[in-house]
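The values are calculated or read from the model by the stated rules, or taken from the named source; none is laboratory data. All values reported here derive from a predicted model rather than from experimental measurement. Here the Cβ is made from the backbone with ideal geometry for all residues, glycine too, and neighbour counts use every protein chain on show. Just so you know, the surface numbers come from the protein's heavy atoms only, side chains and all, with ligands and any DNA or RNA stripped out. Shrake-Rupley method; radii C 1.70, N 1.55, O 1.52, S 1.80 Å.
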Amino acid sequence: MELDFLRFFDACDPSKTLAIANPEDRQYYIDFASVRGGKIIEALARTISLRSRLDQPTCQLFTGHIGCGKSTELRRLQADLEAQGFHVVYFESTQDLDMADVDISDILLAIIRQVTDSLAEVGIQLRPRYFADRWQEMVDFLQTPLELSAEANLPLPMKLGKITAKTKASPSLRSRLRQYLEPRTSGILESLNEEILARANQALQRQGKKGLVVIVDNLDRVEDRRNDGGRTQPEYLFVDRGEQLRRLNCHLVYTIPLTLMFSNDYQALTNRFGGGVAPRVLPMVSVRSRDGKDNQAGMALFRQLVLARAFPQIEPEARLDLVTQVFDSPETLDRLCRMSGGHVRNLLGIIYTCLQEEDTPLSRNTIERAIRNYRDRLVSAITDDEWELLADVVKQQNVSGEEGDLKGKRAGGLGVIRSSALFNS
């Protein structure tokens, strides 16, 4: 079978998230649970399923390095829950929010818009009185020609979509909107629970559904900048205001920044979101053991990650016989897998860069050049004190402490650096 270059090029785009419910995307999916230390997505789904039988909402947190595959796994969670009979609203918060400046009211509005929009697609039209009664008041408070006054009869998702689009692009408008919404947070939560989520669950049950699940992705990309009170944005959102985020009367999954796992407020975080239940962490794929030897199981699955994108309709074992259509040798593919550090997006990014330069089979020289360029970009961001921290991590084989993790994140991710030989290549 010959390689379809354009299809392979498109499948390696690191900016794409696999929509697992789509059969074409699903054929690219590789299950890494066996080399990631557990069935994390299955545990999230099982918790939702069990608590649903008790008619109790859930709120679960999910984290990991940016680009390690969280969005793809959450898409699989969505597909699995939908197969069980749940109505799942999955959305990427970056569609509605500016990750450099996020507040609770922004997140709640995004959830309201996405939920009502998704429900409208299955014939459930919700018109909460709370927002209808305050629509013109809110428009007047913003004091800007939003051209929304004449559109009061539009469906709620369209109205909120217009406001969120405007406020995302305008920090001053966003600030005024928060001035209006912040004193009304309790009223917004009450309306969201009673006029939207409770009615949604009732309507979904009439359609034979088990309940409503909301998955809010990309909140792990919230920037670590500090606010006027000295708190980082993640600490403010998920620790100081976490109680409000979990009060929604449906099943919730939020992604959170990995830095919170090393925060001094970690225990407070877990208490806010469910009485001490720890966030689920998606590790990177283990391609190398701590003794420096290849992890054979991880390497085998990473080879399949690449080859599935080249030959999705071929059986896994048969793909191995076609490696030389993609690379000049099997050793080149192995070198690429090792240098990725077990990081899915890094692996795809290096391949994508190479495919922009030459046709397949990709040469070892092109792969090495892409690896060096990636290494140099990481090195340029590392300061002298961060080198010392990274050296300590390698020596101790352990990551601990808030400050060390923040610096490691700036250096490109401690997990990537610990797992790969980029700095020795």
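Within the range 1-19, the set of residues being outside any helix (DSSP H, G or I) and either of a type in the set (D, E, K, R) or under 15 Å from V326 (Cβ atoms) (or both) comprises M1, E2, L3, D4, C12, D13, K16. In this structure, E331 does satisfy being of a type outside the set (A, V, I, L, M) and within 21 Å of V287 (Cα to Cα).
Mind checking which residues of the range 32-46 are open to solvent by less than 70 Å² (accessible area, probe 1.4 Å) and either among the charged types (D, E, K, R) or assigned to a loop (DSSP other than H, G, I, E, B) (or both)? Before the answer, list the steps.
If we filter the range 32-46 for residues that are open to solvent by less than 70 Å² (accessible area, probe 1.4 Å), which is where we start, we get 32-33, 35-36, 38, 40-45.
Answer for the range 32-46, where residues must be open to solvent by less than 70 Å² (accessible area, probe 1.4 Å) and either among the charged types (D, E, K, R) or assigned to a loop (DSSP other than H, G, I, E, B) (or both): F32, R36, G38, E42.
Here K159 clears all of (1) farther than 16 Å from R134 by Cβ; (2) surrounded by 15 or more Cβ atoms within 10 Å (Cβ to Cβ); (3) at pLDDT below 80 except the condition numbered (1). Whenever a residue of the range 22-45 is in contact (Cβ under 8 Å) with a residue 60 or more places away in the chain and of a type in the set (G, A, S), its partners that are open to solvent by 30 Å² or more (accessible area, probe 1.4 Å) and assigned to a helix (DSSP H, G or I), lying with C-beta atoms within less than 7 angstrom and at least six residues away or across chains, give the pairs S34/A297. The listed residues are L54, L18, and the only one of them that is open to solvent by 50 Å² or more (accessible area, probe 1.4 Å) and without any contact (Cβ under 8 Å) to a residue 60 or more places away in the chain turns out to be L54.
For the range 204-219, a residue qualifies if it is open to solvent by 10 Å² or more (accessible area, probe 1.4 Å) and in contact with a strand residue (DSSP E or B) (Cβ under 6 Å, 6 or more places away or on another chain), and exactly one does: K209. D265 versus (1) within 24 Å of the chain's Cα centre (by Cα); (2) surrounded by fewer than 18 Cβ atoms within 10 Å (Cβ to Cβ); (3) among the acidic types (D, E): which is the lone unmet condition? Tallying (1) within 24 Å of the chain's Cα centre (by Cα); (2) surrounded by fewer than 18 Cβ atoms within 10 Å (Cβ to Cβ); (3) among the acidic types (D, E), D265 fails exactly one: (2). Just so you know, in the range 176-219 the residues that are β-branched (V, I, T) and in a helix (DSSP H, G or I) include one that is nearest to T58 (Cα to Cα), and it is I196. Here L237 fulfils each of the conditions (1) open to solvent by 10 Å² or more (accessible area, probe 1.4 Å); (2) in a helix (DSSP H, G or I) apart from (1). Return the residues of the range 312-354 that are surrounded by 18 or more Cβ atoms within 10 Å (Cβ to Cβ), assigned to a helix (DSSP H, G or I) and hydrophobic (A, V, I, L, M, F, W, C); say none if nothing qualifies. Result: V323, L333, L336, C337, M339, V344, L347, L348, I350, I351, C354.
Here is the figure for the range 102-132: residues that are surrounded by fewer than 18 Cβ atoms within 10 Å (Cβ to Cβ) and not hydrophobic (A, V, I, L, M, F, W, C) total 8.
For the range 81-96, state whether one or more residues are closer than 17 Å to K166 by Cα, part of a helix (DSSP H, G or I) and open to solvent by less than 20 Å² (accessible area, probe 1.4 Å). Yes, the range 81-96 has at least one match. Just one of the numbered conditions (1) modelled with pLDDT of 90 or more; (2) surrounded by fewer than 23 Cβ atoms within 10 Å (Cβ to Cβ); (3) not in a loop (DSSP other than H, G, I, E, B) is not true of L248: (3).
Of the set (1) of a type outside the set (V, I, T); (2) more than 18 Å from K16 (Cβ to Cβ); (3) in contact (Cβ under 8 Å) with a residue 12 or more places away in the chain; (4) surrounded by fewer than 23 Cβ atoms within 10 Å (Cβ to Cβ), all apply to N365 but (3). Total residues in the range 268-302 satisfying the condition of being at pLDDT 90 or above, open to solvent by 50 Å² or more (accessible area, probe 1.4 Å) and in a helix (DSSP H, G or I): the figure is 2.
Evaluate the following for T164: is it open to solvent by 10 Å² or more (accessible area, probe 1.4 Å) and either assigned to a helix (DSSP H, G or I) or modelled with pLDDT under 80 (or both)? So T164 fits the description; yes.
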